[in-house]
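The values are calculated or read from the model by the stated rules, or taken from the named source; none is laboratory data. Given the structure is predicted, the values throughout are model-derived calculations rather than measurements. Positions of Cβ are generated from backbone atoms using ideal geometry, with glycine treated the same way; all protein chains shown enter the neighbour counts.
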Amino acid sequence: MQEEPLRSQKKAVILLVEDDPGDQELTRRALKHESIRIDLRIVNDGEQAMAYLLRNGGYEDPVHSPTPDLILLDLNMPKMNGREVLIDLKKCQRLARIPVVVLTTSEQEADILRSYDLGCNSYIQKPVDIDQFVQSVRQLGTYWFSVVTLPSAVRPI
């Protein structure tokens, strides 16, 4: 018997790792539609992302910092960049299976190859056009939570 899609069971937790407030707000707006129930959590850089994921520095309580079902990761951020986050994520057995979508402005082939080599599940170049950006994020949400079967090990116990 196949499990029902995540959208009908609970809110999907997405961790957005993004330093640009404008992109944070656009992503928030794009993910607000009735077909998918989303609990969007936002951190501003890679250091905050790892603190959240490892439950350190104010993120200790799993009720307030639930394990994400999906991570949207910018590559170019201050402090700890997206590549470093990918490296650390894949080293941690508890976090390694969380799907990671790199959502970045970089179209550099080296960034694309390196991201996949480090274990990202998808690489999306942020569209410059606002409407295209919103459409891309909506399609991404639909794909990951209506089409893809995610491992139950990703979700907290």
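Quick notes on this structure:
Table: residues versus (1) under 21 Å from R55 (Cα atoms); (2) crowded, with 20+ Cβ neighbours inside 10 Å; (3) among the hydrophobic types (A, V, I, L, M, F, W, C).
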residue: G82; (1), (2), (3): yes, yes, no
residue: E107; (1), (2), (3): no, no, no
residue: I112; (1), (2), (3): no, no, yes
residue: P127; (1), (2), (3): no, no, no
residue: Q139; (1), (2), (3): no, no, no
residue: Y143; (1), (2), (3): no, no, no
residue: L150; (1), (2), (3): no, no, yes
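- Check on I36, modelled with pLDDT under 90 and surrounded by 15 or more Cβ atoms within 10 Å (Cβ to Cβ): yes
- Taking the range 51-157 as the region of interest, the strands (runs of 3 or more DSSP E) fully inside it that hold 3 or more residues being aliphatic (A, V, I, L, M) are 70-73, 100-104.
- Yes/no for V101 being of a type in the set (A, V, I, L, M) and buried (at least 16 other Cβ atoms within 10 Å of the Cβ): yes
Quick grid of which residues meet (1) in contact with a Gly (Cβ under 6 Å, 6 or more places away or on another chain); (2) charged (D, E, K, R); (3) over 18 Å from I42 (Cβ atoms):
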| site | (1), (2), (3) |
| --- | --- |
| L53 | no, no, no |
| N56 | no, no, no |
| D74 | yes, yes, no |
| M77 | yes, no, no |
| M80 | yes, no, no |
| A96 | no, no, yes |
| S106 | no, no, yes |
| R114 | no, yes, yes |
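- Qualifying residue in the range 83-94 (condition: within 11 Å of the chain's Cα centre (by Cα) and closer than 20 Å to A12 by Cβ): no
- Selection within the range 52-65 - over 12 Å from L95 (Cα atoms) and of a type outside the set (A, V, I, L, M): N56, G57, G58, Y59, E60, D61, P62, H64, S65
- Extreme residue, modelled with the highest pLDDT, among residues of the range 4-33 that are touching a helix residue (DSSP H, G or I) at 6+ places or on another chain (Cβ under 8 Å) and assigned to a loop (DSSP other than H, G, I, E, B): E18
- Selection count, the range 112-141, where residues are modelled with pLDDT under 90 and of a type in the set (G, A, S): 2
- Taken over the range 86-113, the criterion of being out of contact with any helix residue (DSSP H, G or I) (no Cβ under 6 Å at 6 or more places or on another chain) and of a type in the set (D, E, K, R) is satisfied by K90, K91, R94, E107, E109, D111.
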